[in-house]
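The block underneath contains the structure these notes are about, expressed in structure tokens.
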Amino acid sequence: MASLELEALRKEFDGGSIVAVDDIDLSIDDGEFVTVVGPSGCGKSTTLRMIAGLERPTSGRIRIGDEDVTDVHARHRDVAMVFQNYALYPHKTIEQNMAFGLRMSTDLSAAEREQRVTETAEMMGIGDLLSDTPDQLSGGQKQRVALGRAIVREPDVFLFDEPLSNLDAKLRTTMRTEIQRLQEELGITAVYVTHDQEEAMTMGDRIVILNDGNLQQTGRPKEVYENPANRFVGGFVGSPSMNFLDVTAEPTGDGIRLSDEDGGFAYDLTGGRVRAFGDIEGGSYVLGVRPEDVSVAEGDGQAAVPATVDVLEPVGSDNYLYLNLGDGSDGFDGEDSPAFVARVSADVEPAVGERVRVVFDESAVHLFDPRDGNAVT
Ligand code: ATP
């Protein structure tokens, strides 16, 4: 295994009119499992393909361990890639598919190759499929073969390009756990690309979030979840998404008063994280609150925002309340009023149309600069 380093890595297409990857810097430690996530077209696959040597960077460097591999042909990079569509040879047996990568390494005898394939197939739970061909296998089994084929080569770096997208939800969850187990057992250095933020959050030691070819944030999943660097990350990570609301914020001495410019509400934040905002200047901000940090006020005394319940969606142990914020005054009710989602426990069941008052967990509110989207910290 080895570390992986991307330095100012850039890829342009069509003579520079498309910047798919915009000067990305990233260091991945030996044995680290990094997930790369972002919306369609953000540059995930292009980044992975450059690491694999399938795409030539416009500029920047790629290092694997101590070696600069930027100009090294794909075949001579010690990298294995697992694809969404498995990429198995249809007319070869599973054993031949798995052994294929090994054929190229000359320092193994036929017996050693066979032993490695058999051991890996056993580890992957496909030992009894070795004489089958891919068309006899289910999607999950094919993906196991593809993983086994990568593992058997013992490469320095594993690259995964949405490997579980073609599997059904249940199998996806099983395979996630399995890949994580293998990664830990084998100490694999891995870059795992997915568009599914939940997959990225649950699997990665570290998550990298891309948007528009730019690296938005990298960190442990919990760090990124709790402290998004900007509005994009706040909205992309977490489901249902973070709620956003355009507000005017004024320091009040012992806290911050948030108000809506239409006069729909005023809300005094006084405790918790508010102190972390320090001496913010009064002005326009975007308030960000995650659904689990919104609750329905119990008494009348608390600072709260009036709201009307639009939809109640039960999801097992919790209810999602889709709310329209506001007090019913002109310009701040009905269709024009901001929508908010609250994730509350299943025993909180207000009726649709009911007026409630919502409160925010002040230790978990976020403020973003409306101009550049950056978090106020
Ligand atoms: P998806 O999740 O949809 O696969 P992605 O994040 O992997 O998206 P990329 O496939 O890396 O994104 O594409 C990044 C950008 O580069 C997109 O705007 C895409 O259209 C463009 N692009 C990718 N490959 C080429 C190419 N060969 N020629 C021209 N433009 C390309």
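Tabulated results
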{"read-out": "Residue match in region 176-191 (condition: surrounded by fewer than 20 Cβ atoms within 10 Å (Cβ to Cβ), under 14 Å from the mean Cα position of the chain (by Cα) and assigned to a loop (DSSP other than H, G, I, E, B))", "value": "no"}
{"read-out": "Failed criterion for THR133 (all others in (1) surrounded by fewer than 17 Cβ atoms within 10 Å (Cβ to Cβ); (2) within 16 Å of the ligand (Cβ to nearest atom) hold)", "value": "(2)"}
{"read-out": "Whichever residue in region 98-124 is under 33 Å from the mean Cα position of the chain (by Cα) and free of Cβ contacts under 8 Å to residues at least 24 places away in the same chain and, among such residues, is farthest from ARG77 (Cα to Cα)", "value": "GLU122"}
{"read-out": "Region 1-58, residues that are more than 25 Å from GLN183 (Cβ to Cβ) and among the β-branched types (Val, Ile, Thr)", "value": "ILE18, VAL19, THR58"}
{"read-out": "Any hit, region 50-68, residues being surrounded by 15 or more Cβ atoms within 10 Å (Cβ to Cβ) and under 16 Å from the mean Cα position of the chain (by Cα)", "value": "no"}
{"read-out": "Flag if ILE188 is farther than 28 Å from THR58 by Cβ, β-branched (Val, Ile, Thr) and touching a Phe, Trp or Tyr at 6+ places or on another chain (Cβ under 7 Å)", "value": "yes"}
{"read-out": "Filter result for the condition that a residue is closer than 22 Å to PHE83 by Cα and touching a residue at least 40 places away in the same chain (Cβ under 8 Å), over GLU7, GLU12, GLU32", "value": "GLU32"}
{"read-out": "ASP25, sole failed condition from (1) in contact with a Lys or Arg (Cβ under 8 Å, 6 or more places away or on another chain); (2) farther than 22 Å from ILE188 by Cβ; (3) touching a residue at least 60 places away in the same chain (Cβ under 8 Å)", "value": "(1)"}
{"read-out": "Strands (runs of 3 or more DSSP E) wholly inside region 213-309 that include at least 3 residues being within 14 Å of ASP361 (Cα to Cα)", "value": "266-269, 283-289, 294-296"}
{"read-out": "Residue in region 82-102 that is closer than 19 Å to ARG206 by Cα and away from the ligand (no atom under 11 Å from the Cβ) present", "value": "no"}
{"read-out": "Tally, over region 27-45, of residues that are buried (at least 19 other Cβ atoms within 10 Å of the Cβ) and either more than 14 Å from the ligand (Cβ to nearest atom) or closer than 16 Å to ARG61 by Cβ (or both)", "value": "4"}
{"read-out": "Meets criteria (closer than 28 Å to GLU185 by Cβ and away from the ligand (no atom under 16 Å from the Cβ)) for LEU4", "value": "yes"}
{"read-out": "Options ALA74, ALA80: the member that is surrounded by fewer than 19 Cβ atoms within 10 Å (Cβ to Cβ) and farther than 15 Å from THR194 by Cα", "value": "ALA74"}
{"read-out": "Condition check for GLU199: in contact (Cβ under 8 Å) with a residue 60 or more places away in the chain, acidic (Asp, Glu) and not in a loop (DSSP other than H, G, I, E, B)", "value": "yes"}
{"read-out": "Some residue of region 199-209 being farther than 25 Å from GLY65 by Cβ and more than 16 Å from the ligand (Cβ to nearest atom)", "value": "yes"}
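Residues checked against (1) buried (at least 19 other Cβ atoms within 10 Å of the Cβ); (2) within 28 Å of the chain's Cα centre (by Cα); (3) assigned by TED's automatic domain parsing to the domain that holds ALA190:
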position: ILE126; (1), (2), (3): yes, no, yes
position: LEU137; (1), (2), (3): no, no, yes
position: ALA150; (1), (2), (3): yes, yes, yes
position: GLU154; (1), (2), (3): no, yes, yes
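The values are calculated or read from the model by the stated rules, or taken from the named source; none is laboratory data. None of these values were measured; they are calculated from a predicted model. When we count neighbours, we look across all protein chains shown, and the Cβ atoms used for this are built from the backbone with ideal geometry, even at glycine.
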